[in-house]
Structure formats: C-alpha cells, structure tokens
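Novice: This is the structure I have questions about; it appears just below.
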Amino acid sequence: MPSRPRRVATMSPDAGQPRVPPRNPGRVAVRASAPGRHPPFTRPGDAERVSEPWMTELAASPWLLPALFALVVADAFVVVLPSETLVVALGSLAESTGSPSLWAVIPIAALGAVIGDSALFRLGRRVGLDRWGWMRRGRVRAALDRTRATVRSRPAVLVFTARYIPFARIAVNLTAGASGLASRRFLPLSIAAGIGWAFYNVGIGAAFGALLRDQPLLAVGCSVVVAIVVGFTIDSIVSRWSRRRDAAPRSTG
C-alpha cells in the first residue's frame, strides 16, 4: 500500500509561552495620556484658574471704567455704595491679570472723587445744612455738628481725612460749602485728596495682585478685606481724636 504523507506539525510563534489574561476584562481600554499632560483639575492651581475666564472678561469690559467713575461720583452722596472696594478690587485685578490698566484706574477714580466732592460742596453752598431730613438725623447730623466749627480754620486736615471716611466725607464737603469756604481754597484740597485716595486704594489692591499673581480671585478678596479693616481703623482713630478734642474745652472751662 502506498504510504500516506506524514504531516509535519508546526508550532505557533507564541506556542509554549504562558497566556496573559487581558487587563481590565469587560472594560473599555483607557488611552494613555501624552507625556506631560494631566487629567483635568489635577494640576496645582487648577481650582483657582476656574475663575480666570469671567474675571478676564470683566477686566476687559469697555463698561468697567465708566461704571467705576459713576460709582465713585455717586458714593459722594450715597454712603452704602462701595466705591473704595471697587477701586481696590480693580487695582488687584489690574496687577494680577494685566487689565484694566492701573494708569487708567487711578485718574478715573481720582476724577470721580473730585467731581463727587465738588458737587456735594456746591450742594452745601446752595441748600445749607438743614434742608432735608437726612441732614438732621443720626450720624450725618453728628458729623455736621463736629465739623461746622473747624472747617473754616482747618479745612486741609478735614478734607484729606474725610476722603477716607464715608460719613465724614459727606459732612465735611457739605459743611465746607455751607460755611462759605472759598471754592479756590476747597478745589485744590479736593484734587489733592482725591489723587491721594486713588493711589492709596489702587496701591493696596496692586500689592496683593502682585503677591498673588496666579490667584487673582484670592488677591481681590484679600485686598478688599485689608482695605475695609484699614478704613474702619482710620474711622475709629479719627472719631476718638474728635471726641477728645471736643471734650478738651469743656474740661478746661
């Protein structure tokens, strides 16, 4: 009988090697990330950078500086408007993000302060200190009474100090106008006080913006808190000094 050709067994290239079970059976394979890349929100500082887009858009808004000017002017009449807070916040934002320009915030804030104070000075000259009810009540009335006697003799001290204290600012500017203080004497003092006030508030914000440049939201928050604390401290010191000064004539008399 013719013999059948014998089959020659061939071995698979990976025959004899242990089979490794696939990793993550039943799951979709996860693609390895490229070198140097991280999953979202895993790098240091990602949480702070969440706030950057809207802050950058706000800083670049064409309405921001006109709004600052309007708020500072209105703050001369309405104490509750936080113009100092906004000036400090914009100083911090400008330093940490580059927008708006510090050299735009300072003159606009100073100009708004001078215009608001001058308008209040003119109001005092025109209507006096007793026309409306808010002039005869509460803290405003007490401040008007304290400044009435000294605004003619020491206007520079009062104007410069009052620029940093909301209720005192209203009282001094109204009283300066009502007392007949000359405009040529009041206006230079108001300009100098407004410029100093703008540099002071922007400087506080810019200092924190430079210190916390990678965290603009934290920089704004810290600078505003510090500015508020300093403002309350100045108010407390000036109020205590005024009470001691008022008590001195009574004790000597």
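Just so you know, all these numbers are worked out from the coordinates, no wet-lab data involved. Since the model is a prediction, treat every value here as computed from it, not as a measurement. Every residue, glycine as well, gets a Cβ built from its backbone with ideal geometry; the counts of neighbours run over all protein chains shown.
Novice: Could you go through segment 200-217 in sequence order and give the Karplus-derived ³J(HN,Hα) for each residue, using 6.51 cos²θ - 1.76 cosθ + 1.60 with θ = phi - 60°, rounded to whole Hz, and x for Gly and Pro?
Specialist: Running phi through 6.51 cos²θ - 1.76 cosθ + 1.60 with θ = phi - 60° gives 4, 5, 5, x, 4, x, 5, 4, 6, x, 6, 6, 10, 4, 7, 9, x, 5 Hz.
Novice: Under a crude label model (7 Å from the Cα following the beta-carbon direction), how far is residue 142 from residue 240 in nanometres?
Specialist: 1.6 nm
Novice: Hey, what do the phi angles of segment 166-174 turn into as Karplus ³J(HN,Hα) couplings, whole Hz, using 6.51/-1.76/1.60 and θ = phi - 60°, x for Gly and Pro?
Specialist: With coefficients 6.51, -1.76 and 1.60, one gets x, 5, 5, 4, 4, 5, 5, 5, 5 Hz.
Novice: How far apart, in nanometres, would the label points at residue 191 and residue 225 be if each is projected 7 angstrom from Cα along the Cα-to-Cβ direction?
Specialist: 3.9 nm
Novice: Next question. Fewest first, what order do 197, 63 take by the number of other Cβ atoms within 10 Å?
Specialist: Ordered from fewest to most neighbouring Cβ atoms within 10 Å, 197, 63 come out as 63, 197.
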